[in-house]
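Input: a single structure, listed below in structure tokens.
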Amino acid sequence: TWCGPCKLELSRVNKVVKSNPKFASRIVAISVGEDSVLVKEFSKAEGYQFRVATDLAGHSTEPYKVEGTPTIVFVDERGAISWQTMGISPS
């Protein structure tokens, strides 16, 4: 809700989902450290067409070694990281 680069990346993800709705079920955005009601209201206002979860304690960052925002992680069907980036993606 507060991170400008995150908002940019989430709008890019949303654009992909709008043109390819089949991807919506494969995407979960996680807001770390924010109130779930605030995040839900923000997500609805932005019209995100994918799931948005909250992690108040930040436990979801540990397995993926998240050090900054935004971080995008692709996880394969086995649960292994197949690609990861931090910051604004050039594409």
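The values are calculated or read from the model by the stated rules, or taken from the named source; none is laboratory data. Bear in mind that the values here come from a model prediction, so they are computed numbers and not experimental data. Cβ sites come from the backbone with ideal geometry, for glycine too, and all protein chains shown count toward neighbours.
Among the strands (runs of 3 or more DSSP E) lying completely within segment 11-91, list those that include at least 2 residues that are closer than 18 Å to residue 1 by Cβ and among the small types (Gly, Ala, Ser). Before the answer, list the steps.
Values: elements: 28-32, 51-55, 71-75, 81-86.
In segment 11-91, 28-32 are the strands (runs of 3 or more DSSP E) which contain 2 or more residues that are closer than 18 Å to residue 1 by Cβ and among the small types (Gly, Ala, Ser).
Restricting to segment 8-23, and then to whatever is within 15 Å of residue 90 (Cα to Cα) and not hydrophobic (A, V, I, L, M, F, W, C), can you tell me which residue is surrounded by the fewest Cβ atoms within 10 Å (Cβ to Cβ)?
11
Here is a list: 69, 54. Which entry is among the hydroxyl-bearing types (Ser, Thr, Tyr) and at pLDDT 95 or above? Step through it out loud before you land on a result.
On the way: 69 fails: at pLDDT 95 or above.
Unique residue meeting the criteria: 54.
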